[in-house]
Amino acid sequence: MVASAPHFGQGDGMNPVYARMGTTIFEAMSARARATGAINLGQGFPEAQGPADILDAAAKALVERSNQYPPMTGLPDLRQAVADHYAATQGLDLSPDEVIVTSGATEALAAALLALVSPGDEVILFQPLYDAYLPLVERAGGVPRLVRLSPPDWRITAGMLEAVWSPRTRLLLLNSPLNPAASIAGPAELAAIARFCVERDVTAICDEVWEELVFDGAAHRPLIAGPGMRDRTVKIGSAGKMFALTGWKVGWMCAAPGLARGLAKAHQFLTFTTPPNLQWGAAYGLSKGRAWFDAERAGFQRSRDRLAAGLRAAGYVTLPSAATYFLSIDLTASGIALDDVTFCDRIVDEAGVAAIPVSAFYAGDPVTNLVRLCFAKSDATIDAAIERLASFRSAL
Ligand code: PMP
């Protein structure tokens with residue numbers, strides 16, 4: 001008899017990449033909020049039901065249109081709508097053939113990494129990082145090379161990129177606007193990244209799910225528009241974020257034909273398609289025009305300002321929030337001598353408010369003095385959370 005070594009390290013058959021990872025902090029905090037009845041400002045989802053006409057469009061499509069497999073790369077209506085939207089809002093010249101619809105941005109990230117990473121390839125990632133990046137890169141056989149960003153400006157420099165570059169560097173994964181930092185990569189950073197990618201022959205995967213949630217009149221600048229980047233960038237978007245319908249999990253990835261062919265193959269063997277009625281709903285949403293997006297953005301900005309003002313009045317110092325659904329409390333600047341994990345543990349139990357410790361977005365050497373709160377909530381929910389956090393603050 002041949003004694004076979006266990007295939008995977010952890011005994012229960014789980015691949016070590018996953019065995020090392022816990023349940024995501026978002027899922028864990030939402031579960032605690034549900035169990036305790038805490039106000040959930042942890043996981044990033046809007047409290048509102050979502051735009052009624054977009055929901056109607058999807059509901060109507062469910063009943064009246066096809067529910068069979070749509071084309072693998074997405075419904076033509078949605079691919080065209082995505083290309084038109086980016087032409088109108090970001091000045092891009094994408095053809096619908098360069099748009100592949102996916103089951104959320106998460107599937108687009110998975111497909112892009114599976115398509116573009118070969119075992120041993122190095123992938124530059126920026127911390128803080130969205131939780132899916134690391135397991136996806138590692139499961140694809142990639143070697144993560146982490147760049148650590150820090151508050152308050154979270155700036156990326158050419159020197160940081162060169163410090164992690166090696167001849168095996170093949171990809172860079174950029175998230176801008178950046179969750180949880182709520183910052184936007186500026187023109188100088190984008191120029192430095194583009195120069196680096198071109199000089200070092202690196203392909204960029206750009207997670208731009210927060211592109212429509214930028215505040216104070218800022219414009220979203222896609223890296224794909226940078227010099228030399230048109231053929232070496234995968235641009236990823238999410239209807240869930242754009243339309244405040246996070247459960248929809250409708251996303252897309254856009255890339256020049258040379259890259260798109262590989263992306264489509266990876267997508268083909270992951271989910272193959274995405275529910276057609278939700279694709280029609282997203283296509284309808286994209287046709288709503290600038291005024292609708294402006295109003296949506298203004299609503300979130302008002303909620304951001306309401307939460308920031310309330311926290312300030314309660315004695316908390318917050319970091320600027322230029323984008324996303326998030327705002328962070330700076331514990332150190334607030335004079336609170338607790339780390340982020342302890343603070344989040346205590347407020348969920350003692351104040352009845354769930355939040356996310358920013359250290360959860362670091363694989364190592366974390367920033368430990370920031371706590372992320374989601375402001376995509378009703379005024380009443382924001383006010384109730386502020387009141388609870390104010391009482392907690394004064395009892396410290
Ligand atoms: N990337 C980032 C940076 C995100 O914040 C999120 C959602 N929180 C996603 C990807 C996932 O998007 P989707 O729900 O469309 O899969």
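Solvent-accessible area of K60, all protein chains in place: 120 Å² (probe radius 1.4 Å, heavy atoms, ligands and nucleic acids excluded). Counting pairwise Cα distances across the stretch 46-122, what percent come out greater than 21 angstrom? The answer is 49 percent, as a whole percent. Surface calculation, 1.4 Å probe, protein heavy atoms: T246 sits at approximately 50 Å² accessible. For the stretch 261-339, the spread of Cα positions along the three principal axes, ordered from largest to smallest, is 52, 33, 19 Å. Across the chain, C-alpha contacts under 8 Å between residues 6 or more apart give a mean separation that, scaled by the residue count, equals a relative contact order of 23 percent. Summarised in one figure, the compactness ratio Rg/Rh of the stretch 1-131, Cα atoms and Kirkwood Rh, is 1.06.
For the chain, the dipole from Cβ point charges (+1 on Lys and Arg, -1 on Asp and Glu) about the Cα centre works out to 200 debye, to the nearest 20.
Using only the C-alpha atoms, the convex hull of the chain corresponds to 165 Å³ per residue. Placing +1 on the Cβ of every Lys and Arg and -1 on the Cβ of every Asp and Glu, with nothing else charged, gives the stretch 116-177 a dipole about its Cα centre of roughly 60 debye.
May I ask for the Rg/Rh ratio of the stretch 344-396, computed from Cα atoms with Rh as the Kirkwood radius, given to two decimals? Intermediate results must be reported in sequence, preceding the final value.
On the way: Rg = 12.4 Å, Rh = 12.1 Å.
So for the stretch 344-396, dividing Rg by the Kirkwood Rh gives 1.02.
Each Lys or Arg adds one and each Asp or Glu subtracts one; over the other residues with Cβ under 11 Å from the Cβ of V82, this totals -1. Taking a sphere under 13 Å around the Cβ of R145 and counting the other residues whose Cβ falls inside, with K and R at +1 and D and E at -1, yields a net charge of 0. For the stretch 226-269, the percent of C-alpha pairs falling in each 10 Å distance bin, counted from 0 to the bin holding the largest distance, reads 26, 40, 30, 4. Indicate the gyration tensor shape class of the stretch 65-220 (rounded, prolate or oblate), computed on the Cα atoms with a ≥ b ≥ c the square roots of the eigenvalues: a/c under 1.5 is rounded; otherwise a/b larger than b/c is prolate and the rest oblate. Cα axes put the stretch 65-220 in the oblate bin.
For the stretch 218-300, the calculated P(r), taken from all Cα-Cα distances in 5 Å bins from zero up to the bin holding the longest distance, is 3, 12, 18, 20, 20, 16, 9, 2 percent. Looking at the stretch 291-396, the pairs of alpha carbons with a distance over 17 Å make up 51% of the total. Put +1 on the Cβ of each Lys and Arg and -1 on the Cβ of each Asp and Glu in the stretch 176-280; which of P177, A264, L245 then has its Cα farthest toward the positive end of the dipole? Result: A264. Ranking E122, E350 by solvent-accessible area of protein heavy atoms (1.4 Å probe, all protein chains present), from largest to smallest, gives E350, E122. The loop-placed chymotrypsin sites (Phe, Trp or Tyr not before Pro) in the stretch 235-271, going by DSSP, that have at most 13 neighbouring Cβ atoms within 10 Å of their Cβ come out as F269.
Let's test the formula: R0 of 25 Å, r as the Cβ-Cβ distance of D345 and A384. What FRET efficiency results, to the nearest 0.05? Before the final figure, lay out each step's value.
Working: r = 20 Å, r/R0 = 0.81.
E between D345 and A384, to the nearest 0.05, is 0.80.
Taking amide H positions as modeled 1.01 Å from N, with prolines and chain starts lacking one, the residues under 5 Å from A354 and 5 or more places away or on another chain are I39, N40, L41, G42.
The values are calculated or read from the model by the stated rules, or taken from the named source; none is laboratory data. None of the values given here were measured: they were computed from a predicted structure. Every residue, glycine as well, gets a Cβ built from its backbone with ideal geometry; the counts of neighbours run over all protein chains shown. Just the protein is used for accessible areas: all its heavy atoms, side chains included, with ligands, DNA and RNA removed. Shrake-Rupley method; radii C 1.70, N 1.55, O 1.52, S 1.80 Å.
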